[in-house]
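Student: Can you read through this structure? Questions will come right after.
What follows is calculated from the coordinates using simple rules that are stated; it is not laboratory data. Note that the coordinates shown come from a computational prediction; the quantities given were computed from them, not determined experimentally.
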Amino acid sequence: MKNLKKNIALMLLLAVSFSNAQEKEKMNHNHDKMMTMKGDTKSEAILSDYFNLKNALVTDDSKKAAELGAKLATSLKAFDKSKYKVEEQKELTDIIEDATEHAEHIAKSDIGHQREHFKTLSKDISDLIVITGTKSTLYKQFCPMYDGGSSWLSTSNQVRNPYYGSKMLKCGKVKETIN
């Protein structure tokens with residue numbers, strides 16, 4: 001009887017320990033998920049540079065867009081993928097390499113070519129945000145007129161078209177709110 005009580009006590013202790021370990025694991029997973037959903041400082045820096053570049057294209061400022069393309073390329077290269085899961089790291093590597101290439105092209109192109117590269121860059125930044133999350137509310141906007149239809153991200157729900165600038169400043173609409 002004494003051994004039976006010890007075995008029952010031991011089994012209860014193991015069950016409680018196992019249950020606590022599962023709860024702790026769940027809490028850690030939820031914390032990691034929340035951190036990912038809110039974005040990190042490096043992804044927020046990338047977003048800031050992206051929005052500054054978008055605004056330069058909105059105002060038809062090719063010189064400023066070139067400077068900001070170079071700055072964005074630097075921010076992209078500084079991104080630390082190490083806190084993400086292995087599958088996400090591979091995806092982030094592909095996204096960042098592609099986005100960096102487009103940002104570098106923007107840094108040395110005329111405004112027409114800058115806008116062409118901005119289209120793919122915008123897709124890359126959208127894909128990045130799906131993985132990293134963001135602290136901000138963003139608006140995915142869409143212009144049906146540019147190159148068969150083109151999207152970009154904005155911090156404002158007011159459309160300011162980076163593909164046409166002053167020619168068609170308000171061409172487009174909000175397609176999605178992110179966050």
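Student: So what are the ³J(HN,Hα) numbers for the range 72-88, from phi and the Karplus equation (6.51, -1.76, 1.60; θ = phi - 60°), rounded to whole Hz, Gly and Pro as x?
Tutor: 5, 4, 5, 4, 5, 5, 7, 5, 9, 8, 4, 7, 9, 5, 4, 5, 5
Student: Are any of the pairs 64/90; 63/167; 135/167; 81/123 more than 21 Å apart by Cα-Cα distance, and if so, which?
Tutor: The answer is 64/90; 135/167.
Student: Another one. Whose amide H sits under 5 Å from the amide H of residue 178, counting only residues 5 or more places off or on another chain, with H placed in the peptide plane?
Tutor: Here the answer is 138, 139, 140, since their amide H atoms fall under 5 Å of that of residue 178.
Student: Take the alpha carbon atoms of the range 61-110, find their center, do the same for the range 143-159, and report the distance between the two centers in whole angstrom.
Tutor: Value for the Cα centre distance between the two parts: 20 Å.
Student: Right, next: Can you give me the long-range amide H partners of residue 159? Hydrogens built in the peptide plane at 1.01 Å from N, cutoff under 5 Å, separation of 5 or more residues or another chain.
Tutor: Counting only residues 5 or more places away or on other chains, the set is empty.
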